[in-house]
Structures are given as structure tokens and as C-alpha cells.
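Please read the structure below before turning to the comments.
The values are calculated or read from the model by the stated rules, or taken from the named source; none is laboratory data. This structure is a prediction, so every number in the text was calculated from the model and none was measured. Positions of Cβ are generated from backbone atoms using ideal geometry, with glycine treated the same way; all protein chains shown enter the neighbour counts. Heavy atoms of the whole protein, side chains included, go into the accessibility calculation; ligands, DNA and RNA do not. Shrake-Rupley method; radii C 1.70, N 1.55, O 1.52, S 1.80 Å.
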Amino acid sequence: AGATTIASAGAAIGIGNVLSSSIHSVARNPSLAKQLFGYAILGFALTEAIASFAPMMAFLISFVFQVL
């Protein structure tokens with residue numbers, strides 16, 4: 001549970017970084033806003049994938065090291 005919480009916190013920080021970078025990029029060059037939005041969505045998806053893999057790995061480890 002602790003590993004999952006840490007991974008979720010890391011994913012939240014990553015999403016914040018992606019959003020911040022997207023806002024700064026559009027502010028510097030508004031004509032590329034459409035292309036940068038696609039990159040931002042890709043960044044969000046990859047960051048959320050890490051957040052969804054963390055509980056799966058935590059459950060996998062808990063089932064593998066289960067005491068018989």
C-alpha cells in the first residue's frame with residue numbers, strides 16, 4: 001500500500017510538471033498550441049500508466065510472497 005501511495009504521489013507531481021510545461025510552451029509560441037496539446041495528452045497518458053502499474057505490481061508482489 002505504501003509503494004502504491006508513493007507511486008500515486010509521483011504521478012501527481014509528473015502530471016503537474018506536464019501541465020506546467022504545456023502552459024509555458026503555449027505562452028512562448030501560441031501558434032503551436034494544437035501540436036503541443038497532443039504532446040501534453042501523451043505525457044498525461046504515460047504518467048497515468050505508471051500510476052496504474054503501481055497497484056498491479058503491489059498486488060503481484062503481495063500474492064507472490066504470500067505465506068502458505
Only one of (1) open to solvent by less than 90 Å² (accessible area, probe 1.4 Å); (2) at pLDDT 90 or above does not apply to Ile23, and that is (1)
* Taking the stated definitions as given, is Phe44 open to solvent by 100 Å² or more (accessible area, probe 1.4 Å), of a type in the set (Phe, Trp, Tyr), in contact (Cβ under 8 Å) with a residue 12 or more places away in the chain and in contact with a helix residue (DSSP H, G or I) (Cβ under 8 Å, 6 or more places away or on another chain)? -> no
In the stretch 47-68, anything open to solvent by 80 Å² or more (accessible area, probe 1.4 Å) and either of a type in the set (A, V, I, L, M) or not in a helix (DSSP H, G or I) (or both) is listed as Ile50, Met56, Met57, Leu60, Ile61, Val64, Phe65, Gln66, Val67, Leu68
Can we say Leu36 is open to solvent by 50 Å² or more (accessible area, probe 1.4 Å) and assigned to a helix (DSSP H, G or I)?
no
